[in-house]
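Shown next, in structure tokens, is the structure this report addresses.
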Amino acid sequence: MNNVALFVTYTMLNPIVGGAFFRALRLAREMARRGWDPVICNYGPVFYDPKIAASKDTVRFVRLDGGSADEIRKRLEPLKPAVTIMGEGAFKVMEPFYEAAKSLDGPFIVLDQFYNHWLLPHTKGVDLVLMYALASFWRDELMLAPPYEITPPFIDEVTLKPALPVPVELHSRPWITLVAYDDYVRDRGLDLFALVSRPEPVLVAVTRDPRACRDAAVARDIELNRLVALPLQSDPEVFGLFGASRVTMVSNGFIQIMDALAMASPVIALDRGTGAGMTEMNVDPRFRPWVSLQQPQAEQIARIEAWLADSPFSDELRERVSCERYGTSYCANRIEAVYRQMRRPQSRVQAVMHHVARAFAR
């Protein structure tokens, strides 16, 4: 029987929030490739996405209900995890799930985002914190003490421009890619594109309902010969679209923003209308030349126009970010290393002491 890698994650529906879930899914698929038995226990709705459909043969999905930490732990224990991975540092609603996951036997690992040095997740009772970041923008400022470690984006495969699902006659024109999981973000992106004064850009819109996207575009007087409306895509296609675009528009989630920057595409981060997602506090000022977040619409339009005329990425920065890849492999390597370390015969006493310490840390 293969060792169980247990992931504890969450999703939301209004608005759609799933960055931590999909990061866990990408890592779960890599763990499955290495012979593990990954189980994703998720609190919240499960929505359709090609990445989920493609994973059902290798990843088990379990829906979690709420409750106290003790009640949740009793539901997780029968899975007998060899290692437990929390999909993100806990906010209020997820605290019982976090405490339940931390109390299980075996290493406890947290996946999170590196916003800056003063917004670090808690480490009490945690063996390893793997933090999503783009080192190219930080240079030598990412010297973090254990258990914190920086991981590059989970970008493994990228579909090249000639193979992307965009008509070949549009390949010579500048692209703006919009990735929108909900209608509110889609409409904000369409509103911005409708106000772009330059006639040559093409909008490549990746949404759940391409027909509804086309209808919403027509309602804004966007010519359909300037729109490519696509259904949700797999990771390689999405990363390829980011890399082929002069500008990327996504919701204000950290992971999508970093993934677009890793593909050397500047980002308009679209508000989701409910307070969900990042604020300026979560994005260090050093990113402002490449990211527009919480700016008025007129300023967003000005940023788009400027980026269409001239990329804010220097050749040097473009080269650096192109090397920030394979975060899934890096994280899987580190998780396996922590697991092996706690399994070593000479470390059994240390492992017992670790479990005793964790019990007092609850």
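Rule-based calculations on the coordinates, nothing more; no lab input. Since the structure is predicted, the reported quantities are computational estimates derived from the model, not experimental observations. Here Cβ is always computed from backbone atoms with ideal geometry, including for glycine, and neighbour counts include all displayed protein chains.
HN-Hα J couplings of the stretch 242-259 from phi, Karplus 6.51/-1.76/1.60, θ = phi - 60°, integer Hz, Gly and Pro as x?
Once rounded to whole Hz, the list reads 4, x, 8, 9, 6, 9, 10, 10, 9, 5, 7, x, 4, 5, 4, 4, 5, 5.
Under the Karplus relation 6.51 cos²θ - 1.76 cosθ + 1.60, θ = phi - 60°, what is the ordered set of whole-Hz ³J(HN,Hα) values for the stretch 263-268, x standing for Gly and Pro?
9, 6, 10, x, 10, 9
Any chance you could run the full-extension gain for residue 225 through residue 1? It's 0.36 nm times the residue separation minus the Cα-Cα distance, nm to one decimal.
Values: separation 224, 0.36 × 224 = 80.64 nm, distance 5.41 nm.
Length gained between residue 225 and residue 1: 75.2 nm.
Taking Cα extents along the principal axes in Å straight from the coordinates, which label in (1) 68, 41, 35; (2) 74, 53, 35; (3) 131, 40, 36 is the correct one?
(1)
If each residue's Cβ is checked for other Cβ atoms within 10 Å, how do 344, 186 rank with the fewest at the top? It would help to have the intermediate numbers written out before the result.
Numbers: 344 10, 186 26.
Taking fewest neighbouring Cβ atoms as first place, the list is 344, 186.
Short version: ³J(HN,Hα) in whole Hz for each residue of the stretch 41-50, in order, from phi by Karplus 6.51 cos²θ - 1.76 cosθ + 1.60 (θ = phi - 60°), x for Gly and Pro, what are they?
The phi angles translate into 9, 10, 9, x, x, 9, 10, 6, 7, x Hz.
Plugging the Kirkwood radius over Cα pairs into Stokes-Einstein for the stretch 191-238, at a temperature of 4 °C and a viscosity of 1.567 mPa s, what D comes out in µm²/s? Provide the component values of the computation, followed by the final result.
On the way: Rh = 11.3 Å.
Approximately 115 µm²/s, per Stokes-Einstein.
Which lysines, if any, have their Cα less than 21 Å from the Cα of residue 74, not counting same-chain residues under 8 positions apart?
Output for residue 74: 92, 102.
Can you compute the modelled spin-label distance between residue 105 and residue 68, with each label point 7 Å from Cα toward Cβ, in nm?
Output for this residue pair reads 2.4 nm.
Below 21 Å, Cα to Cα, which lysines can residue 56 reach? Residues fewer than 8 away in the same chain don't count.
80
What does the net charge come to around residue 317 if you take all other residues with beta carbon closer than 15 Å to its beta carbon, with K and R at +1 and D and E at -1? Could you put the intermediate results ahead of the total?
Numbers: positive: 139, 286, 288, 318, 320; negative: 310, 315, 316, 319, 324.
Local net charge: 0.
Loop-only check: which trypsin sites (Lys or Arg not before Pro) in the stretch 97-177 are DSSP coil with at most 10 other Cβ within 10 angstrom?
Details: sites: 102, 124, 139; in loops: 124.
Qualifying residues, ordered by number: 124.
Given that compact globular proteins tend to follow 2.2 N^0.38 Å, what is the ratio of the alpha-carbon Rg of the stretch 161-321 to that value? The partial results should precede the final answer.
On the way: Rg = 14.4 Å, N = 161, 2.2 N^0.38 = 15.2 Å.
The value comes to 0.95.
Would you calculate the separation in nanometres between label points at residue 140 and residue 336, each defined as 7 Å from the Cα along the Cα-to-beta-carbon direction?
Between residue 140 and residue 336, the label points sit 3.4 nm apart.
Aspartates and glutamates within cross-link reach of residue 124: Cα-Cα under 19 Å, excluding same-chain residues under 8 positions apart?
70, 88, 95, 99, 105, 112, 149
Using amide H atoms built in the peptide plane, which far-off residues or other-chain residues are under 5 Å from residue 148 H to H?
Excluding prolines and chain starts, which carry no amide H, the hits are 129.
Only sites in a loop by DSSP and with at most 13 other Cβ atoms within 10 Å count here; which chymotrypsin sites (Phe, Trp or Tyr not before Pro) in the stretch 65-115 make the cut? Intermediate results must be reported in sequence, preceding the final value.
Details: sites: 91, 97, 98, 108, 114, 115; in loops: 91, 114, 115.
Listed in order of number, the matching sites are 91.
Report the label-to-label distance for residue 314 and residue 183 in nanometres (one decimal), using points 7 Å from each Cα along the Cα→Cβ vector.
In this crude label model, residue 314 to residue 183 measures out at 4.6 nm.
At a 10 Å Cβ-Cβ cut-off, how would you order 151, 159, 279, fewest neighbours first? Can you show the working numbers first?
Numbers: 151 24, 159 19, 279 11.
Ranked by crowding around the Cβ, least crowded first: 279, 159, 151.
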